[in-house]
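Below: the structure, in structure tokens.
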Amino acid sequence: MKANASLYLDPRAKKNGFCTVKIKVTYNRERRYYSTDVDLYYPKVEPNIPDPLTKLLTAIRKTPEQKSILSKLDYYQKKADNTIELLSVFTFEKFEDLFFENRNI
């Protein structure tokens, strides 16, 4: 079975109303979430309004700020996908070692 990485908007808002976008890695029905440095404003005023991540990914015309955010998210998504592809046998520990190798965590 192969691992899968996708973008995930954490619905728990911070005090300032922003929600964190995370990378969700799923393997054998186990999920782990890895933080990105991207926060999106999500005022939960009306339930019928789509979340800001969906808006960002599906927008036809994007502002320069949205393009910058989207390029960061694409970078993290591709890095996670490439890391999964490099592993012949997937484990979350090996994934974390490779995914975070250039970060000071």
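The values are calculated or read from the model by the stated rules, or taken from the named source; none is laboratory data. Please read these numbers as outputs of a predicted model, since none were measured by experiment. Here the Cβ is made from the backbone with ideal geometry for all residues, glycine too, and neighbour counts use every protein chain on show. Accessible surface areas use protein heavy atoms only, side chains included; no ligands, DNA or RNA. Shrake-Rupley method; radii C 1.70, N 1.55, O 1.52, S 1.80 Å.
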**Report entry** Residue that is surrounded by the fewest Cβ atoms within 10 Å (Cβ to Cβ), among those in the stretch 22-40 that are within 13 Å of the chain's Cα centre (by Cα) and hydroxyl-bearing (Ser, Thr, Tyr)
**Finding:** Tyr33
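Consider Arg12 carefully, then state whether it is in contact with a helix residue (DSSP H, G or I) (Cβ under 7 Å, 6 or more places away or on another chain) and surrounded by fewer than 18 Cβ atoms within 10 Å (Cβ to Cβ).
Numbers: in contact with a helix residue (DSSP H, G or I) (Cβ under 7 Å, 6 or more places away or on another chain): no; surrounded by fewer than 18 Cβ atoms within 10 Å (Cβ to Cβ): yes.
No.
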Report summary line: Every listed condition ((1) in contact with a Pro (Cβ under 7 Å, 6 or more places away or on another chain); (2) open to solvent by 60 Å² or more (accessible area, probe 1.4 Å); (3) among the hydrophobic types (A, V, I, L, M, F, W, C)) holds for Cys19 save (2)
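What helices (runs of 4 or more DSSP H) lie completely within the stretch 45-103 and have 3 or more residues being over 20 Å from Asp10 (Cβ atoms) and open to solvent by less than 90 Å² (accessible area, probe 1.4 Å)? Quick ask: steps written out before the conclusion?
Numbers: elements: 52-58, 64-86, 92-99.
Where helices (runs of 4 or more DSSP H) fall fully within the stretch 45-103 and carry at least 3 residues being over 20 Å from Asp10 (Cβ atoms) and open to solvent by less than 90 Å² (accessible area, probe 1.4 Å), they are 64-86.
Find the residue count for the stretch 13-27, including only residues that are within 30 Å of Thr91 (Cβ to Cβ) and of a type outside the set (Ser, Thr, Tyr). Break it down into steps so the answer makes sense when it comes.
Step one: filter the stretch 13-27 for residues within 30 Å of Thr91 (Cβ to Cβ), giving 19-27.
Now restrict to residues that are of a type outside the set (Ser, Thr, Tyr): 19, 21-25.
Looking only at that region, the number is 6.
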